[in-house]
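Below: one structure in structure tokens.
Values quoted throughout were computed directly from the atomic coordinates according to the rules given, and no laboratory measurement underlies them. As the structure is a computational prediction, the values presented were derived from the model and not from experiment. Using ideal geometry, Cβ is built from the backbone for each residue, glycine included, and neighbour counts are taken over all protein chains shown.
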Amino acid sequence: MEIRSRIFEKYTNYQCSIPLKDGDRVLVKGKKIKEGDLLLEKSESTLKKSINLPKVLNCKSNEGSEKYVLKMDGEYIEKGELLAQKVSSGRLNLTELFSPVSGVLDFSRIKQGYIDILGEERKSIVRSDFTGTINGVDPIEGLLISTDVVCIDGVVSSKTEDNLFGNLKILGDGNTILTEKILEDDYRGKIVWVGPYLYNRVAIELFERGAVAVLTYAMSYTEFREIGLPIMILGGFGSVHCDGSFLKKFLSFKNKFVIMNGNENQLFILSNSDFKHRGWFVSQYENQSVISRSPSTYGSIGKVLEYDRDTSFVLVDFGKRGTSLIHIGLLDFVDL
Amino acid sequence: MDILPVLKKNSYLTVLIKDNYISANLAYTDLSVQRTYVLSDRTDLSPLKFRLDDIVFNKEFWFEYFNSLEKVFDWDIIDREWGDNFKIKEFEREEVGVTGIKVIVDDNQPFFKNIFLSLKEFSKDIVLRILDDRYMEVLVKGLVNRLEYDDIVWLDLDFSHFSIYRGKKEKDGNIKFVLTKIDWANEIGLIDFVKSSKLNAFLSVDSSSEDILNRWANCIAHGYEYISDAMLNDIIRAFTTLQILSTKQSNKEKFDELGKLNTAIFISGKIPQLLEIRELLLSVIDGLELDGVFDLFVDRESKLFTYGRSMIEKEESKSKIIFSGKIYSQLLEPHEIYSLGSSLEIFKLPSRDEKLLIEGELKNGTVFSHLSFKQIQYISSKKVLEYEYLVIDGRSRPIVYGPSPHDNRVKLRIWGNGDKE
């Protein structure tokens with residue numbers, strides 16, 4: 001018997017929090033909130049420069065570079081002022097980091113290795129794009145809410161201590177493999193979908209420009225292990241086909257609030273959905289949706305045409321990609 | 001003719017939840033016509049691996065599971081007269097009803113508590129058992145006795161858990177049980193392991209290749225059920241060999257004289273399902289550094305986990321025929337009688353006849369403790385000496401009660417189990 005995997009799972013009354021930064025003001029009135037309601041007034045400053053601390057100070061991935069910082073979060077720093085200092089090799093080596101610009105220091109991404117230097121402040125209004133209930137405001141957790149969410153399981157993600165919160169930003173059309181050349185200047189507050197494949201250099205550029213986390217369908221396992229930044233992979237490693245039927249639904253969540261949970265390896269999208277899930281168990285295989293794990297059709301989603309119980313092979317119709325005979329052990333049954 | 005309970009038709013469903021799999025085995029037995037078979041099914045819970053801490057395992061989930069199992073086995077399991085309350089359909093005949101359902105949950109199964117408690121709440125009709133090291137010790141020791149081997153080595157091989165259990169008969173007749181385990185805490189460590197120089201020594205492909213690393217990572221992350229990729233097959237073979245060898249080398253004292261005695265090797269888990277028999281043999285023989293003569297059993301459907309205990313407990317309770325005979329009467333056809341070991345059986349003798357002849361013989365090596373003969377014969381006569389009952393006490397001596405009232409309840413049930421209807 002097979003379990004029918006729910007690619008988009010519905011959670012009702014999911015409890016989560018929207019983190020608040022210094023200067024953020026909660027505008028919600030009453031307990032209930034609906035789409036379009038005023039949510040927050042955010043104090044945001046322009047991003048003048050992001051510095052990747054482990055890279056500049058030449059730290060090991062598990063070394064914890066924040067201990068070398070000599071300034072405090074929110075402190076104003078002049079251009080050329082000493083920001084961090086690392087002494088190594090028995091005090092023989094001294095690595096110093098001087099601030100490249102003047103501005104206010106923001107350490108909200110320091111656990112990911114980044115220090116942001118901010119410029120002038122501006123106010124912006126955030127409106128709700130979901131329906132839910134406000135459960136309170138907590139000085140540590142932020143705005144506590146319960147709402148319906150859509151959950152997607154990642155194949156793997158970088159382990160993060162906290163939930164990462166942001167708006168789902170889709171790069172390009174969401175279906176094209178991109179290079180860093182098309183990137184905008186500022187991705188702060190965004191969890192960025194880069195498309196079906198992620199190259200390391202694109203991820204690094206996105207984090208340099210303030211991205212909270214990066215989502216992709218596939219990337220090289222070696223690059224994933226090297227990068228050490230908050231990334232979630234939804235499909236697999238290497239050249240994995242990202243099927244259009246998955247992408248169409250996923251891209252419909254563009255600009256929604258999302259929470260990336262690296263420990264649970266799940267992505268929560270604050271959104272209502274009209275998905276009608278079928279039962280968990282598949283006992284009759286014909287006409288069921290499957291995703292292939294066979295090397296030649298990896299990642300393709302199709303429908304079962306025939307199942308031969310004696311050989312355990314299944315004939316699958318992949319639409320334009322044709323039909324394939326695949327062992328049932330290389331198919332995952334999906335509810336899409 | 002009355003039918004002994006052991007000869008009655010029955011079907012028993014045993015479900016094992018272990019290593020993110022639900023393995024179901026439904027055993028049907030009709031010994032009167034020598035018909036016995038086991039229907040098997042495996043359900044991979046991996047698609048739920050990130051949801052197991054949610055409230056997935058609720059009443060609906062288990063209802064749906066048994067519902068689907070009915071379709072897969074084409075066997076009525078649920079009594080639908082009870083609506084939403086799960087009740088077992090009592091055994092009637094082949095394909096209708098089960099004598100009982102037992103669910104065994106491995107204590108190493110992720111979110112064991114959620115699963116165990118959900119089943120406990122789901123139905124009182126289901127017998128719940130925990131598979132832990134103690135369970136395995138009893139099972140392995142029991143198998144040594146039951147199957148008459150001197151040495152049994154059981155390799156339970158999954159990617160994230162490698163367990164080796166061994167039961168070895170010592171010179172004093174006792175069975176020594178040892179176990180060793182390797183647990184991978186997370187998938188990333190397991191994936192990275194393919195780059196280790198130790199593993200490379202066993203590989204016939206170059207694992208530094210980016211493509212191979214990606215394929216191995218996908219295999220672990222998605223939990224393949226079948227391998228069509230020769231390179232992956234090679235990695236799994238090398239990985240299995242190295243895991244077994246490392247276990248053996250770091251626990252030398254637990255693996256002394258391996259293969260030197262009358263030895264059986266059992267293999268279970270996911271890896272035996274993925275590897276071809278040739279690769280599996282290479283891994284086991286080279287990993288355990290075996291030579292000599294041994295029997296090897298591959299349990300791909302977890303039958304030994306599910307029915308092994310029943311098999312050895314049955315042996316322990318000596319539920320075999322210890323006496324068979326016939327009652328000859330003047331009015332009726334000859335009437336066959338049997339008696340089981342471990343039970344106290346009382347046969348009512350027909351009273352219409354003037355005379356009855358009762359003949360019987362001890363079977364299966366059973367002897368009277370103080371008599372040399374094995375056959376009995378006597379006559380019941382209304383006018384001389386009329387017997388109302390024939391009592392066969394097949395319980396082995398000494399008869400021990402206790403230590404707890406619960407133990408006594410179990411014993412009294414076993415002793416009474418052989419009585420005729």
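Please state the shape class of region A:199-297: rounded when a/c is under 1.5, otherwise prolate if a/b exceeds b/c and oblate if not, all from the C-alpha gyration tensor.
oblate
Something else about it: Roughly how many debye, to the nearest 20, is the charge dipole of the protein assembly as shown about its Cα centre, given +1 on each Lys and Arg Cβ, -1 on each Asp and Glu Cβ, and no other charges?
On the way: 100 positive and 114 negative charges, 166 e Å.
Here the size comes out at about 800 debye.
So the label point goes 7 Å from the Cα of B:E361 along Cα→C-beta, right? Which residues of region B:374-418 then have their backbone N under 12 Å from it?
What the label zone holds, given the 12 Å backbone N cut-off, is B:374-376.
Per Stokes-Einstein, at 37 °C and 0.692 mPa s, what whole-number D in µm² s⁻¹ belongs to chain A, with the Kirkwood radius over Cα pairs as the hydrodynamic radius?
The estimated diffusion coefficient comes to 149 µm²/s.
Shifting gears a bit: With just the Cα atoms of the protein assembly as shown, tell me how far they stretch along each of the three principal axes, in Å, largest first.
Result for the protein assembly as shown: principal-axis Cα extents of 123, 60, 56 Å.
What length, rounded to one decimal in nm, is gained on full extension from A:N255 through to A:L315, with 0.36 nm per residue of separation minus their alpha-carbon distance?
Extra length from A:N255 to A:L315 when fully extended: 17.8 nm.
Per-residue ellipticity at 222 nm for chain B, helices alone: DSSP H runs ≥ 4 residues times -39500 (n - 2.57), over residue total, nearest 500 deg cm²/dmol?
-9500 deg cm²/dmol
Follow-up question, since we're still on this one. Positive end of the dipole of region B:168-228, charges at C-beta (+1 Lys, Arg; -1 Asp, Glu), about the Cα centre: which of B:H222, B:F202, B:L179 has its Cα farthest in that direction?
Going by the charge dipole, the pick is B:L179.
Per DSSP H run of at least 4 residues, take -39500 (n - 2.57); add these up for chain A, divide by its residues and hand me the 222 nm value, nearest 500 deg cm²/dmol.
-2000 deg cm²/dmol
Is there a quick way to get the dipole size of chain A? I mean about its Cα centre, with the Cβ of Lys and Arg at +1 and of Asp and Glu at -1; what is the value in debye to the nearest 20?
Details: 43 positive and 45 negative charges, 50 e Å.
Approximately 240 debye in magnitude.
Take the Cα coordinates of region B:244-356, assign each an equal point scatterer, and use the Debye formula without solvent to give log10 I(q)/I(0) at q = 0.20 Å⁻¹.
After summing over all Cα pairs, the log10 values are -1.13.
If each of B:K87 and B:D211 carries a label point 7 Å out from its Cα toward its Cβ, how far apart are those two points in nm?
6.1 nm
Continuing with this model, one more query. If you average the C-alpha positions of region A:164-207 and of region B:119-195 separately, how far apart do those two centres end up, in angstrom?
Computed from Cα coordinates, the inter-centre distance equals 48 Å.
Sticking with this one: Divide the volume of the convex hull of the Cα atoms of region B:48-199 by its number of residues and quote the answer in cubic angstrom per residue.
Values: hull volume 25.5 nm³, N = 152.
Convex hull of Cα atoms, per residue: 168 Å³.
Considering chain B as a Gaussian network with a 10 Å cut-off on Cα pairs, which listed residue, B:E301, B:E289, B:E333, attains the greatest mean-square fluctuation?
Most flexible of the set in this elastic network: B:E333.
How far apart, in nm, are two points set 7 Å out from the Cα along the Cα-to-Cβ line at B:E336 and at A:T176?
About 8.2 nm, to one decimal.
If you take the beta carbon distance between B:D133 and A:K21 as r and set R0 to 60 Å, what does 1/(1 + (r/R0)^6) give as a FRET efficiency, to the nearest 0.05?
It comes to 0.75.
For the Cα atoms of chain B, what angle does the longest principal axis make with the long axis of helix B:59-73, in degrees from 0 to 90, nearest 10?
That helix lies at roughly 70 degrees to the long axis.
Turning to a different aspect of this structure: If R0 is 56 Å, what FRET efficiency do you get for A:S89 and A:K29 from their C-beta distance, rounded to 0.05?
Computed FRET efficiency for A:S89 and A:K29: 0.40.
Let me ask something else. With a point put 7 Å past each Cα toward its Cβ, work out how far B:F297 is from A:S273 in nm, to one decimal.
The two pseudo-label positions are separated by 4.5 nm.
In the Gaussian network model of chain B, springs joining C-alpha atoms below 10 Å, which of B:L155, B:L385, B:L31 carries the largest mean-square fluctuation?
Maximum among the listed residues: B:L385.
OK, next. Computed on alpha carbon atoms, what radius of gyration and Dmax characterise region A:121-231, expressed in Å?
Rg then Dmax for region A:121-231, in Å: 15.5, 43.
Residue by residue through A:328-336, how many Cβ atoms from other chains fall within 10 Å of the Cβ on average?
Numbers: counts 2, 9, 7, 2, 7, 1, 1, 1, 0.
Rounded to a whole number, the mean comes out at 3.
GNM, chain B, Cα, under 10 Å: largest mean-square fluctuation among B:N262, B:N58, B:N408?
B:N408
Shifting gears a bit: Relative to the present Cα-Cα distance, how much length would full extension add between A:M72 and A:S245 at 0.36 nm per residue of separation?
57.5 nm
What FRET efficiency comes out for A:T133 versus A:K159 if R0 is 30 angstrom and r is the Cβ-Cβ distance? Round to the nearest 0.05. Kindly include the intermediate steps, with their values, before the conclusion.
Values: r = 31 Å, r/R0 = 1.02.
It comes out at approximately 0.45.
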